[in-house]
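The values are calculated or read from the model by the stated rules, or taken from the named source; none is laboratory data. Note that the structure is a prediction, hence the values are computed from the model and not measured. Neighbour counts are summed over all protein chains in view; Cβ atoms, including those assigned to glycine, are modelled from backbone coordinates with ideal geometry. What goes into the accessible areas is simple: the full protein's heavy atoms, side chains included, and nothing from ligands, DNA or RNA. Shrake-Rupley method; radii C 1.70, N 1.55, O 1.52, S 1.80 Å.
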Amino acid sequence: MKRSAILLSLMVLLSIATLAQNSEKPYSLVAHVGGGSGSFPFLDGDMTTSHRIAALGIDGKYDFAEHWSLLVGLDYQFWYFKGYYIHSAPNGVENHPYTATGHIVRLPIRLEFHKRWFYLAFGPYLEKAFGDVSAGSIKEIATLGPTMEIGGRIQLSDNGKLRIGLQTSVGTTLSYHKELFFGRVEANALLRIGYEYHF
């Protein structure tokens, strides 16, 4: 599944780049890094649910109108959990410390509105988690939901811009246990810094 998600993302990026190269419309590549936090706000209260996130990724950007662009990307996120299981015992409540990590491969597709230094990007994303981010016997297929980023761009050169933005996303996990159903909900926020190169 991980290999299929990466191959699909690379194929989409290549298709966007090829389309842009064979037309008169401008296109760009955006590389970015980010950091932030997230949580599973509706998970059972027997454990802490927050996590720290480190992220990096790349977007293919295609300008199809004066102030509008299409972005298709491939993101990698590393999640780190550190907290406590809350367990009831005969002598009261016990807290058991734990740590866990997760590796996330995300495919976002977004529309971006930009004017001068300002930009707003929004659209759906699809992601797959690997590592300790699991649901036991329940098979998690993928997480999908909307994402939005708002920020600014600073011109560094004729072809290059610095991007600084705040990205938020809320997703629900499509899972399988005898039948398909929507499982836990995740909410994340990232501060992202990127470099946009215009070809």
On the basis of being at pLDDT below 95 and within 28 Å of residue 181 (Cβ to Cβ), does residue 76 make the cut?
no
How many residues are open to solvent by less than 70 Å² (accessible area, probe 1.4 Å) and at pLDDT 85 or above when one looks only at segment 47-73?
18
With the condition kept exactly as written, say whether any residue in segment 160-182 is among the aromatic types (Phe, Trp, Tyr), part of a strand (DSSP E or B) and surrounded by 14 or more Cβ atoms within 10 Å (Cβ to Cβ).
no
Check 34, 83 and return the single one that is surrounded by 14 or more Cβ atoms within 10 Å (Cβ to Cβ), part of a strand (DSSP E or B) and modelled with pLDDT of 80 or more.
34
